[in-house]
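Here is the structure we will look at.
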Amino acid sequence: MGPGVLTGPFPRRDGVLHGGSHRLDALAEEFGTPLYVYDLDAVEGAYRRLLDAFAGVPLDVAYSVKANGALAVLHRLASLGAGADIVSEGELFRALRAGIPAHRIVFAGVAKSEAEMEAALRAGIRAFNVESAGELERLDGVAERLGVVAPFAVRVNPDVLSPTPHEYTRTGHASTKFGVGPDEALELYARARARPTLKAVGVDAHIGSQIREVEPFVQALARLETVVHGLRAQGEALEFLDMGGGFGVAYEPGVEPSDHGGTLDLRTLARELGPRVRALGLRLILEPGRSIVGEAGVMLTRVEIVKRSGDKVFVVVDGGMTELIRPSHYGGYHHIEPVVARPDPQGPVVVDVVGPICETGDFLARDRALALPRPGDLLAVRTAGAYGFTMASNYNARRRPAEAAVSGDRVELIRARESLDDLIRGERMPFDDLATPPS
Ligand code: LLP
């Protein structure tokens with residue numbers, strides 16, 4: 001079996017999956033299920049591996065908060081010197097609260113509101129990654145009103161078709177809503193030069209997510225180099241080149257890094273990008289999300305019911321699309337295994353692992369060969385540290401799950417399971433006086 005899933009965090013010892021030195025079944029007992037567990041040492045390990053791979057390249061990591069915005073995760077990354085890639089005022093709030101300094105924060109997104117721009121300008125972030133003429137004008141207006149200078153980069157759409165597993169996670173080709181083409185980018189920089197309230201500090205791109213090949217990044221860099229050279233010719237002084245994130249991880253066990261489906265090889269990426277970025281005389285910003293936190297998280301879920309329907313076997317568990325939407329939204333594969341292994345004389349059975357939510361699209365795995373679990377058994381859904389909790393919802397009035405973190409022999413609940421009161425916070429029942437009483 002290959003690296004990644006099996007040799008990474010949450011190893012099996014004496015037949016039981018562990019997080020740090022803790023048995024995961026004990027954590028489920030203590031905190032209830034469904035439960036997210038993050039291994040903060042694994043988060044740190046992934047962050048350090050990225051730095052190691054890019055040793056010698058002037059690199060600033062702006063961790064992509066959307067992948068996992070838990071304060072405990074952000075705080076560990078802050079302690080390691082990470083910055084943040086944010087897309088909302090909410091993520092700005094989280095990042096600052098967790099101790100990530102504003103000068104290490106870059107702000108992406110196709111339509112930042114005036115209020116969001118104002119909050120980020122007041123905080124003093126490093127740069128706005130601007131995606132349209134309209135947005136640049138809006139930023140100009142807000143900066144002028146506040147009497148400050150707004151540092152910005154234009155997000156260039158390099159028109160690279162990145163081979164991501166699902167079309168929803170491709171952002172680098174011209175027919176997506178993201179960024180502007182290279183020519184329009186140059187026009188935007190030229191327009192900004194006339195404005196004392198706008199300061200160009202970089203060039204930005206992000207081509208997609210869960211990309212396992214180096215080539216699309218190299219192609220994107222070629223387009224960005226053209227833009228940088230064009231800007232230099234116009235006398236523009238830039239500080240950074242932001243190549244975004246999107247570095248793929250292994251979701252299936254036994255997949256070697258070099259195989260399609262494996263983890264993107266960061267060393268090869270660094271070898272290809274590093275010298276060229278250095279030659280431009282710019283700092284490199286990377287915005288990894290999934291590759292920092294993906295493997296560092298599992299979702300624990302308990303089997304409620306095992307039922308047969310037609311020729312199918314359904315393992316109904318207590319977590320579903322409201323906790324982890326990736327399988328149903330992107331057809332995403334997540335490896336699922338029992339937390340406590342037990343002898344399986346019958347051999348694996350092909351099952352659908354489904355949640356309790358009232359939707360046929362509510363599943364965690366379809367047609368998956370598993371040792372048939374029994375009600376009460378605990379299952380671990382792997383590689384759930386990225387885009388798991390952050391995409392959780394309250395559909396079916398479900399309470400979003402608890403999150404716990406381990407680090408060595410320590411364990412802490414880092415977010416309590418939502419309460420019933422959390423579900424109705426802010427709601428009102430007005431207009432009683434208008435109601436017609438029942439006759
Ligand atoms: N930078 C920008 C501008 C982004 O839009 C994203 C992700 C990232 C960085 C981080 O990408 P990462 O390194 O995590 O791949 N919910 C989907 C993924 C959506 C990604 C959106 N943007 C999923 O679960 O696969």
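See the values below:
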| read-out | value |
| --- | --- |
| Flag for L17 being modelled with pLDDT of 95 or more and either polar (S, T, N, Q) or touching a Phe, Trp or Tyr at 6+ places or on another chain (Cβ under 8 Å) (or both) | yes |
| Within region 358-410, tally of residues that are open to solvent by 10 Å² or more (accessible area, probe 1.4 Å), without any contact (Cβ under 8 Å) to a residue 40 or more places away in the chain and on the phi < 0 side of the Ramachandran plot | 8 |
| Number of the exception - R271 against (1) away from the ligand (no atom under 12 Å from the Cβ); (2) under 25 Å from the mean Cα position of the chain (by Cα); (3) in contact (Cβ under 8 Å) with a residue 24 or more places away in the chain | (3) |
| Selection count where residues are in a helix (DSSP H, G or I) and exposed (fewer than 12 other Cβ atoms within 10 Å of the Cβ), scope region 411-439 | 5 |
| Residue ID - nearest to the ligand (Cβ to nearest atom), chosen from residues in region 281-302 that are open to solvent by 20 Å² or more (accessible area, probe 1.4 Å) and not polar (S, T, N, Q) | E295 |
| Test: residue in region 377-385 that is outside the structural domain of G289 (by TED's automatic domain parsing), of a type in the set (V, I, T), closer than 22 Å to R290 by Cβ and within 16 Å of the ligand (Cβ to nearest atom) | yes |
| Region 386-433: number of residues that are more than 16 Å from the ligand (Cβ to nearest atom), aromatic (F, W, Y) and within 20 Å of the chain's Cα centre (by Cα) | 0 |
| Selection from region 65-78 of residues that are open to solvent by 10 Å² or more (accessible area, probe 1.4 Å) and closer than 15 Å to G45 by Cα | H75, R76, A78 |
| Test: residue in region 142-151 that is away from the ligand (no atom under 16 Å from the Cβ), assigned to a helix (DSSP H, G or I) and open to solvent by less than 10 Å² (accessible area, probe 1.4 Å) | yes |
| Region 159-180, residues that are on the phi > 0 side of the Ramachandran plot and away from the ligand (no atom under 11 Å from the Cβ) | D159 |
| Residue list for region 188-225, restricted to those being without any contact (Cβ under 8 Å) to a residue 24 or more places away in the chain and either farther than 18 Å from S162 by Cβ or crowded, with 17+ Cβ neighbours inside 10 Å (or both) | A194 |
| Every pair of residues 6+ apart whose Cβ atoms lie under 7 Å, when the first sits in region 13-25 and is under 19 Å from E412 (Cβ atoms) while the second is hydroxyl-bearing (S, T, Y) | G20/S407 |
| Neighbours by Cβ (under 8 Å, 6+ apart or cross-chain): first from region 328-347, assigned by TED's automatic domain parsing to the domain that holds L364 and of a type in the set (F, W, Y); second modelled with pLDDT of 95 or more and away from the ligand (no atom under 15 Å from the Cβ) | Y333/A365 |
| Criterion (part of a loop (DSSP other than H, G, I, E, B), more than 17 Å from the chain's Cα centre (by Cα), surrounded by fewer than 21 Cβ atoms within 10 Å (Cβ to Cβ) and without any contact (Cβ under 8 Å) to a residue 24 or more places away in the chain) met by exactly one of G99, G109, G81 | G81 |
| Residues being within 14 Å of the ligand (Cβ to nearest atom) and at pLDDT below 95 - total across region 223-246 | 0 |
| Residue count, region 298-332 (criterion: farther than 24 Å from N396 by Cα and in contact with a helix residue (DSSP H, G or I) (Cβ under 8 Å, 6 or more places away or on another chain)) | 0 |
| Selected residue [more than 28 Å from E116 (Cα to Cα), within 14 Å of the ligand (Cβ to nearest atom) and surrounded by 22 or more Cβ atoms within 10 Å (Cβ to Cβ)] from V156, V249 | V249 |
| Positions within region 303-350 being assigned to a helix (DSSP H, G or I) and open to solvent by 60 Å² or more (accessible area, probe 1.4 Å), in sequence order | H329 |
| Any chance E252 is farther than 18 Å from A108 by Cα and at pLDDT below 95 | yes |
| The lone exception for V201 - which of (1) of a type in the set (A, V, I, L, M); (2) at pLDDT 95 or above; (3) within 16 Å of the ligand (Cβ to nearest atom) it fails | (3) |
| Qualifying residue in region 304-327 (condition: within 16 Å of the ligand (Cβ to nearest atom) and of a type in the set (D, E)) | yes |
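Quick grid of which residues meet (1) within 16 Å of the ligand (Cβ to nearest atom); (2) open to solvent by 20 Å² or more (accessible area, probe 1.4 Å):
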position	(1), (2)
G8	no, yes
R12	no, yes
V16	no, no
R48	no, yes
D60	yes, yes
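The values are calculated or read from the model by the stated rules, or taken from the named source; none is laboratory data. What you see is a predicted model; the values in this text were computed from it and never measured. Cβ coordinates were reconstructed from backbone atoms using ideal geometry, including for glycine residues, and neighbour counts include every protein chain displayed. The area values use the complete protein model at the heavy-atom level, side chains included, leaving out ligands, DNA and RNA. Shrake-Rupley method; radii C 1.70, N 1.55, O 1.52, S 1.80 Å.
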